[in-house]
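Notes follow once the structure below has been shown.
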Amino acid sequence: MDLYDSRNAISAFLFKKCPPEPVDLAFVFCSPSVSSLHPAIALYRSGLTRTLLISGAGTAVDGSVEWSFYRDHALRAGVAESALLLEKNARNTAENAAFGAALIGTELGWAKIRSLAVCAKPFHMRRALMTLRRHVPPEVRLVAQPPDDPGDLSAETWWQTAQGRKRIFTELGKIGEYALKGDLGDV
């Protein structure tokens, strides 16, 4: 396998994307920048989902808490406040999945949920899917919906910069760490 094949294999593994489709809920994994929210807003605006779950208690680019930053952005984009579920405590992907899934169970009930759009950074999608799979019922369909934002790493160019390579190989390492801790489900 030559270097080009290795890059393609890494890209194919990490960067997952499905066509938009109707889903019961868009599950948004927060990060400092707001691009992960964009696919959820697009689904909401097009009538493909009625509910967005925003999960994350890290620090956003403006210094606020991520869930608050994302909520404010969603409201400005026309998402009704009643359409938002806010998970305010998660500090990492494992907590996003665990706390978000628990919130779905208590606020909506899993009997009403058959499909979730998973909205996370493109390079983070594989770990988001695998971690969420551990916490949601097996019959719930997970639909990968990463943003298409020029500020995010892409499958086509991540390897072109030292920062991109570092971010991707760090992500691969985190998948290994999560697997060894038992934080991943099958996807």
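Cross-link reach is defined here as a Cα-Cα straight distance under 28 Å, omitting same-chain residues fewer than 8 places apart; for Lys181 the lysines meeting it are Lys16, Lys17, Lys88, Lys121, Lys166. Applying 1/(1 + (r/R0)^6) with r as the Cβ-Cβ distance of Gln160 and Arg50 and R0 = 45 angstrom yields a FRET efficiency of 0.70.
The Cα atoms of the range 102-187 cover 45, 30, 18 Å along the three principal axes, with the biggest extent listed first. Applying 1/(1 + (r/R0)^6) with r as the Cβ-Cβ distance of Leu75 and Asp148 and R0 = 25 angstrom yields a FRET efficiency of 0.65.
Against the chain, whose longest principal axis is taken from its Cα atoms, helix 66-76 shows a tilt of about 60°. Per-residue surface analysis assigns Ile41 an accessible area of about 10 Å², computed on protein heavy atoms at 1.4 Å probe radius.
With helices as the sole contributors, the chain gives -12500 deg cm²/dmol at 222 nm; each DSSP H run of n ≥ 4 counts as -39500 (n - 2.57), and the sum is divided by every residue. Taking the 1.4 Å solvent-accessible surface of the chain as the whole, the part contributed by carbon and sulfur is 53%. Between Asn89 and Cys18, what's the calculated FRET efficiency when r is the beta-carbon distance and R0 is 30 Å? Round to 0.05. Computed FRET efficiency for Asn89 and Cys18: 0.60. Eigenvalues of the alpha-carbon gyration tensor of the range 31-187, scaled by 5 and square-rooted, set the equivalent ellipsoid semi-axes at 23, 20, 15 angstrom, largest first.
The values are calculated or read from the model by the stated rules, or taken from the named source; none is laboratory data. Since the structure is predicted, the reported quantities are computational estimates derived from the model, not experimental observations. A quick note on method: Cβ atoms are made from the backbone with ideal geometry, for glycine too, and the neighbour counts reach across all protein chains shown. Remember, those area values only see protein heavy atoms, side chains included, never the ligands or the DNA or RNA. Shrake-Rupley method; radii C 1.70, N 1.55, O 1.52, S 1.80 Å.
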